[in-house]
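Please read the structure below before turning to the comments.
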Ligand code: UD1
Ligand code: CA
């Protein structure tokens with residue numbers, strides 16, 4: 001099995017330590033034009049904020065502080081889910097990234113030593129890149145080290161200003177940069193590691209003398225350099241790592257890049273991805289070697305796909321486990337377990353609590369929910385199976401409905417081993433069909449069926465002989481009936497075949 005994030009944590013490179021992590025996530029995200037705070041937009045199965053926290057997570061810092069402001073209630077709620085140990089700190093007014101960092105460090109006054117500060121909107125940042133930055137910082141013994149990257153298009157980003165000796169001198173925001181500085185393609189990634197005490201002192205001195213009138217975190221670089229402190233710049237190997245996400249177009253581009261990374265890793269590990277352009281896999285998903293992902297497949301959340309399984313085409317799996325050699329074709333599957341060699345689809349809808357045992361089958365236009373389907377049992381066509389336990393070797397006839405809802409409460413149905421449920425049976429829960437029993441097609445089963453019995457629960461058929469001739473004279477049906485009568489008369493056939501009788505089978 002291969003998890004996307006596992007590549008970052010190569011066991012050979014132990015993660016260097018930091019005392020604390022600060023994530024800046026209070027900004028409005030105006031350019032997103034969204035009611036949702038920017039850092040809560042999602043890609044690849046995590047929020048922007050979730051990706052940033054995941055990149056810092058292997059450093060196992062003592063304290064993780066997340067600065068919240070815009071949409072803070074929503075951000076705090078999300079944080080409680082994805083990183084309950086993190087401390088949200090409120091920045092009442094968004095006065096700039098420098099102000100946000102200062103507010104964070106004030107909230108943890110006892111924190112000493114190296115602190116990692118990250119923008120909350122860099123979802124492609126990898127743990128390995130952060131670890132390399134922190135490692136370089138420790139190796140050089142710097143007071144502050146800035147993550148940088150050489151990018152093709154630096155538009156809108158802070159530029160790294162280096163001296164003739166190559167040492168970092170300052171960061172200048174694009175809107176404050178000279179035309180010459182704008183030519184520079186080495187940009188500030190918005191990821192920094194620095195000594196907490198030195199950062200506190202420098203942040204106390206930054207001003208708002210810039211185009212936006214904000215307190216810029218980036219100004220601490222120039223201030224510390226001015227003090228003669230050692231300041232470094234560490235260039236990211238992969239410039240994609242540092243890309244921020246400020247509007248929906250960037251969100252789509254980052255999502256594509258992230259997906260490409262996930263699929264590349266899966267393919268390297270032995271997964272067949274037939275069409276990488278239309279296959280989307282969250283970073284939280286695992287897929288084993290020799291699984292096949294057909295075009296139009298989306299694997300989301302805590303989904304896992306085992307060896308030899310085939311998923312797709314046109315299938316979405318969320319929080320679902322697909323076991324060895326199972327197949328899922330053109331289906332929508334949520335919170336289910338698809339057992340070894342089981343088959344699902346085409347056009348099935350499996351809802352949470354569905355568990356298919358080995359070799360079970362759920363076929364076309366079947367919906368299941370909270371349903372266990374035993375080994376080798378089949379629900380081949382047009383059925384609803386809700387709140388059910390089905391034993392092994394059973395067959396559920398076409399158009400069967402597990403009638404689980406009485407308008408107030410849900411009830412359970414139990415179907416035993418090797419049962420044959422006739423087509424169009426209504427199983428009105430709570431009800432049990434014993435091992436080896438049958439139900440007649442079209443039955444409405446409201447009482448338990450003992451093992452081995454045939455349950456017939458439908459009206460007797462009554463044929464009203466000659467009705468069409470009398471009530472629909474002159475119609476094609478009447479003419480066809482009369483022709484049949486003439487043929488029967490000529491052949492001397494049993495008159496009941498055309499005149500009607502009790503025909504219960
Ligand atoms: C910032 C950097 C820029 C860098 C770029 C990388 C500054 C001044 N500039 O620019 O050099 O190239 O990131 O993507 O830092 N935030 C707060 N409170 C605030 C303001 C911002 O928490 O008052 C947070 C935002 O939520 C965001 C981060 O700080 O996560 C950066 O702010 P943003 O407005 O996105 O800065 P950029 O203009 O992208
Ligand atoms: Ca940004």
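No value in this document is a laboratory result; all are computed from the given coordinates. Computed from a predicted structure; not experimentally measured. Don't worry about glycine lacking a Cβ; one is built from the backbone with ideal geometry, like all the others, and counts go over all protein chains shown.
For this structure, a couple of remarks:
- Translational diffusion coefficient of region 166-319 (Stokes-Einstein, Kirkwood radius from Cα pairs, 10 °C, 1.306 mPa s): 83 µm²/s.
- Global size of region 33-82 as Cα Rg and Dmax, reported in angstrom: 11.2, 35
- Using the alpha-carbon positions of the chain, Rg (one decimal) and Dmax (whole number) come out as 33.0, 117 Å.
- Region 99-113-region 181-213 distance, computed between alpha-carbon centres (Å): 16 Å
- Added length on full extension, which subtracts the Cα-Cα distance from 0.36 nm per residue, residue 178 to residue 253: 24.1 nm
- Fraction of beta bridges assigned by DSSP in region 14-242 that are antiparallel (%, nearest 5): 45 percent
- Spatial separation of Cα centroids for region 294-352 and region 377-423, in angstrom: 21 Å
- Distribution of pairwise C-alpha distances over region 94-142, 10 Å bins, in %: 20, 41, 38, 2
- Rg followed by Dmax, in Å, when region 65-123 is reduced to its Cα trace: 11.5, 31
- Three principal axis lengths of region 270-455 [C-alpha, angstrom, descending]: 51, 32, 21
- Straightening the chain between residue 33 and residue 162 buys 42.9 nm, computed as 0.36 nm per residue apart minus the Cα-Cα spacing.
- Fewest-first sequence of 79, 382 by Cβ atoms within 10 Å of each Cβ: 382, 79
- Residues 269, 348, arranged from fewest to most other Cβ atoms within 10 angstrom of their Cβ, appear as 269, 348.
- Length added when fully stretched, residue 80-residue 358, from 0.36 nm per residue minus Cα-Cα: 96.3 nm
- Rounded to the nearest 0.05, the FRET efficiency derived from the C-beta distance between residue 409 and residue 448 at R0 = 22 Å is 0.70.
- In the chain, helices alone account for a calculated mean residue ellipticity at 222 nm of -6500 deg cm²/dmol, with every DSSP H run of four or more residues adding -39,500 (n - 2.57).
- Its convex hull of Cα atoms gives region 28-174 a direction-averaged projected area, equal to a quarter of the hull surface, of 10.0 nm².
- Divide the volume of the convex hull around the Cα atoms of region 377-505 by the residue count and you get 149 Å³ per residue.
- Mean-position separation - Cα centroids, region 118-143 and region 248-286, in angstrom: 24 Å
- Among 402, 347, sorting on how many other beta-carbon atoms sit within 10 Å of each Cβ, with the fewest leading, yields 347, 402.
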